[in-house]
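Below is one structure, written out as structure tokens; comments come after it.
The values are calculated or read from the model by the stated rules, or taken from the named source; none is laboratory data. All values derive from a computational prediction rather than experimental measurement. Neighbour counts are summed over all protein chains in view; Cβ atoms, including those assigned to glycine, are modelled from backbone coordinates with ideal geometry. For accessibility, only protein heavy atoms count, side chains too; no ligands or nucleic acids. Shrake-Rupley method; radii C 1.70, N 1.55, O 1.52, S 1.80 Å.
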Amino acid sequence: MSAPSVLRPSCSNWMPGTSVCDRQGIKACGNCKLVVYCGIDCQKAHWPEHKKACRSSMAKEHWRPAWDREGRIPHWASGEASTNWHNVFGGSKYLWGNTPAVDVLNLERNEGIGYKQDIALLFAASGDLRHIVKTIASLPHGMMQQFDVTINDLEFDVVARNAILLLLALTTQDSTTAEASTPPLSNAEALIHVWYSASFPSHVLSQLQDRVKPLITEVCGKITHKSSNTTLSKTWNFSNGRTLRLVLKHKDWLRLAGFLDVPEDLSVEDAVVIRRTVTLAPERLDYRDRWYFKDASPFMRIAKQKFQEDGIFIPFGHPRTAFDTPNPTFFQGRKTWPLDDKADPSSGWPVLDVQKTSSPAPQDWYGKLFNYIHNMIEKFLDRLQSTSICFVLYNVDARELPQHLEHGRYARVEVANICDRGYIGIRDTLSLLSPFLQSPQQNVHATFITLFINAVKEAVKWGDPRDETLNMQFLTKYLPFPQTLSTNDADMMRIWDARDLALDVDQFFSRYMMVCDFEQISADLGVEMKTSNTIVEKWPTQLKLTVGQKGAENEFRLNLGSGFTNVERYVEWRRV
């Protein structure tokens with residue numbers, strides 16, 4: 001069965017096992033605004049099904065979590081769970097972003113849109129492709145110079161999926177011959193489903209197997225005689241001077257081929273069950289309720305619950321019957337779901353920008369998010385088509401990356417949060433990788449970008465215990481005052497979860513810089529912090545509006561319900 005494109009809003013009058021209305025959705029449900037219908041007849045016909053979501057108890061403004069309604073201790077507050085601060089559940093792989101995508105060039109504020117020199121970028125601990133996509137999508141039209149983009153990550157699954165997505169993008173654009181039929185989904189839609197959907201239409205798998213798999217299997221066929229620990233590279237050439245070079249160990253080339261085949265014994269029904277054992281685990285009910293209680297609106301809860309149920313990244317009411325094939329980049333033969341139960345596509349994109357995105361169903365969060373990402377990927381594909389870009393992908397520990405790099409080559413070095421104390425740390429990160437940044441003589445705008453996710457939280461604990469006291473005066477301007485001060489009270493728990501939005505983050509980051517001796521690190525390593533960031537905001541997820549300003553409450557609730565810590569701090573450096 002062919003999947004209708006999301007770009008044409010579909011009438012939501014469908015149910016599993018029934019026919020799909022093929023008319024365009026133009027009328028949103030007046031109550032939930034999650035779905036659209038072609039007209040009143042389809043809306044009435046679909047009501048017995050739709051009312052399950054539209055009139056759900058969770059959609060009520062005064063809904064409260066189960067533990068609170070039942071007057072019991074929540075799961076994380078008792079037993080073994082109470083001794084584990086993080087209580088992560090499910091897979092341990094970070095295949096999606098956990099901070100908003102960044103344009104690491106920001107040419108207009110730095111080198112300028114008229115800059116003519118070749119540009120090299122290094123993503124030393126890339127995670128997924130969101131920063132690369134946004135950076136390339138943000139390039140001005142008509143850039144004639146060469147762009148070299150080096151992408152590395154320690155996690156093989158991340159590198160494998162990044163390589164597959166880039167190869168799919170490049171081969172799709174190079175497919176100039178007429179095809180037997182027009183693909184029912186746009187190239188951007190296919191990329192989005194490979195990136196985010198747990199299952200997708202069978203023709204998306206066909207694109208992977210027709211365009212990407214032959215490139216991988218050809219390499220695998222030529223290296224059978226090599227030892228399993230041998231590092232091998234392959235460069236593919238595409239039109240307009242674009243290339244992709246992938247460097248992997250022999251055994252990982254063979255693993256990569258498995259990312260393009262659905263296991264023979266894995267049906268889409270089996271894949272749904274496997275995923276739900278994580279995302280809908282009964283023992284995690286209280287955790288899910290805690291997250292839903294923070295969401296900005298009741299119908300955002302309903303939208304998130306649906307994504308937890310099926311993992312298909314499309315608008316809420318869009319037909320799902322054609323999504324009949326497990327996404328092999330998530331399963332690869334193993335019978336487990338690789339992400340944890342809180343993983344969400346929203347966590348890699350700026351939530352305020354997503355909310356502003358146009359949608360015929362204005363309360364449909366994933367519809368808005370899909371449209372936002374689709375627009376970004378369309379721009380990415382447009383710039384990719386017209387720009388000479390060479391990608392190089394590595395799968396090594398960042399501490400081993402220097403042996404593959406050229407000193408003084410990169411206009412930007414982005415290292416994510418490997419500079420946090422729990423990873424490599426700021427001194428060692430700068431010592432390892434700052435020599436590869438261009439000097440001021442080469443490029444006065446060359447910038448080394450570090451991200452601190454845990455710094456403020458650590459610094460709070462280093463000071464006076466009163467620093468951890470909740471700022472109730474500020475928080476209760478946005479949230480109702482708790483009925484009791486018990487930590488089991490849902491309102492109290494929500495205020496606790498919002499606590500970092502009330503912190504004096506500059507004070508605590510200054511403490512962190514002093515304890516870690518940023519000043520001495522700068523002197524020892526020949527680098528300096530930029531007084532003002534010119535690439536990315538210092539505090540991208542902190543509140544921008546003050547109490548009482550128009551939109552302030554909406555901003556607060558969106559940030560509270562997001563997957564961000566809201567204390568992410570970017571520090572930009574230059575060589576001296």
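Odds and ends about this structure:
- The one condition from (1) of a type in the set (Gly, Ala, Ser); (2) without any contact (Cβ under 8 Å) to a residue 40 or more places away in the chain; (3) closer than 30 Å to Gln308 by Cα; (4) in contact with a Lys or Arg (Cβ under 7 Å, 6 or more places away or on another chain) that Ala198 does not meet is (2).
- Residue in the stretch 376-391 that is within 21 Å of the chain's Cα centre (by Cα) and of a type in the set (S, T, N, Q) present: no
- Test result for Ile164, over 30 Å from Arg399 (Cα atoms), modelled with pLDDT of 95 or more, open to solvent by less than 50 Å² (accessible area, probe 1.4 Å) and part of a helix (DSSP H, G or I): no
- Tally of residues being open to solvent by 40 Å² or more (accessible area, probe 1.4 Å), in a helix (DSSP H, G or I) and under 16 Å from Phe452 (Cα atoms) across the stretch 506-540: 7
- Residue count, the stretch 267-313 (criterion: under 14 Å from His62 (Cα atoms) and not in a helix (DSSP H, G or I)): 3
- Test result for Asp103, acidic (Asp, Glu) and at pLDDT below 95: no
- Unique residue being in a loop (DSSP other than H, G, I, E, B), more than 25 Å from Asn559 (Cβ to Cβ) and open to solvent by 20 Å² or more (accessible area, probe 1.4 Å) when the list is Lys342, Lys335: Lys335
- Selection status of Trp76, part of a loop (DSSP other than H, G, I, E, B) and either hydrophobic (A, V, I, L, M, F, W, C) or free of Cβ contacts under 8 Å to residues at least 24 places away in the same chain (or both): no
- Qualifying residue in the stretch 243-258 (condition: in a helix (DSSP H, G or I), hydroxyl-bearing (Ser, Thr, Tyr), modelled with pLDDT of 95 or more and open to solvent by 10 Å² or more (accessible area, probe 1.4 Å)): no
- Members of the stretch 389-414 that are of a type in the set (Lys, Arg) and assigned to a strand (DSSP E or B): Arg412
- Filter pass, Glu406 being in contact with a helix residue (DSSP H, G or I) (Cβ under 8 Å, 6 or more places away or on another chain), open to solvent by less than 30 Å² (accessible area, probe 1.4 Å), closer than 22 Å to Arg245 by Cα and not hydrophobic (A, V, I, L, M, F, W, C): no
- All of (1) under 20 Å from Leu260 (Cβ atoms); (2) touching a Phe, Trp or Tyr at 6+ places or on another chain (Cβ under 8 Å); (3) surrounded by 19 or more Cβ atoms within 10 Å (Cβ to Cβ); (4) not small (Gly, Ala, Ser) hold for Val149 with one exception: (1).
- Exactly one residue out of Ala303, Ala322, Ala296 is modelled with pLDDT under 95 and open to solvent by less than 10 Å² (accessible area, probe 1.4 Å): that is Ala322.
- Residue in the stretch 541-549 that is surrounded by 19 or more Cβ atoms within 10 Å (Cβ to Cβ), at pLDDT 95 or above and touching a Ser or Thr at 6+ places or on another chain (Cβ under 8 Å) present: yes
- Of all residues in the stretch 420-446, those satisfying the criterion of being hydroxyl-bearing (Ser, Thr, Tyr) and closer than 15 Å to Gly526 by Cβ are Thr429, Ser431, Ser434, Ser439.
- Look at (1) assigned to a loop (DSSP other than H, G, I, E, B); (2) within 30 Å of Gly408 (Cα to Cα) and you find that Gly548 fails only one, number (2).
- Residue match in the stretch 51-68 (condition: in contact with a strand residue (DSSP E or B) (Cβ under 9 Å, 6 or more places away or on another chain) and either part of a helix (DSSP H, G or I) or of a type in the set (A, V, I, L, M) (or both)): no
- Search result, residues across the stretch 84-102 that are in a loop (DSSP other than H, G, I, E, B) and open to solvent by 30 Å² or more (accessible area, probe 1.4 Å): Asn84, Trp85, His86, Val88, Phe89, Ser92, Lys93, Tyr94, Asn98
- The residues of the stretch 1-16 that are out of contact with any Gly (no Cβ under 7 Å at 6 or more places or on another chain), in contact (Cβ under 8 Å) with a residue 24 or more places away in the chain and of a type outside the set (Val, Ile, Thr), listed by number, are Met1, Ser2, Ala3, Pro4, Ser5, Leu7, Asn13, Trp14, Met15, Pro16.
- In the stretch 425-473, the residues that are in a helix (DSSP H, G or I), surrounded by 22 or more Cβ atoms within 10 Å (Cβ to Cβ) and of a type in the set (Ser, Thr, Tyr): Thr429
- When residues of the stretch 409-422 are limited to those that are of a type outside the set (Lys, Arg) and over 19 Å from Ala446 (Cβ atoms), the one least open to solvent (accessible area, probe 1.4 Å): Asp420
- Figure legend. Inter-residue proximity from the stretch 151-167: first residues without any contact (Cβ under 8 Å) to a residue 60 or more places away in the chain, second residues among the aliphatic types (A, V, I, L, M), beta-carbon distance below 7 Å, spacing 6+ or different chains. Indicated pairs: Leu165/Leu129; Leu165/Leu191; Leu165/Val194.
- Some residue of the stretch 482-497 being assigned to a helix (DSSP H, G or I), open to solvent by 60 Å² or more (accessible area, probe 1.4 Å) and within 25 Å of Phe452 (Cβ to Cβ): yes
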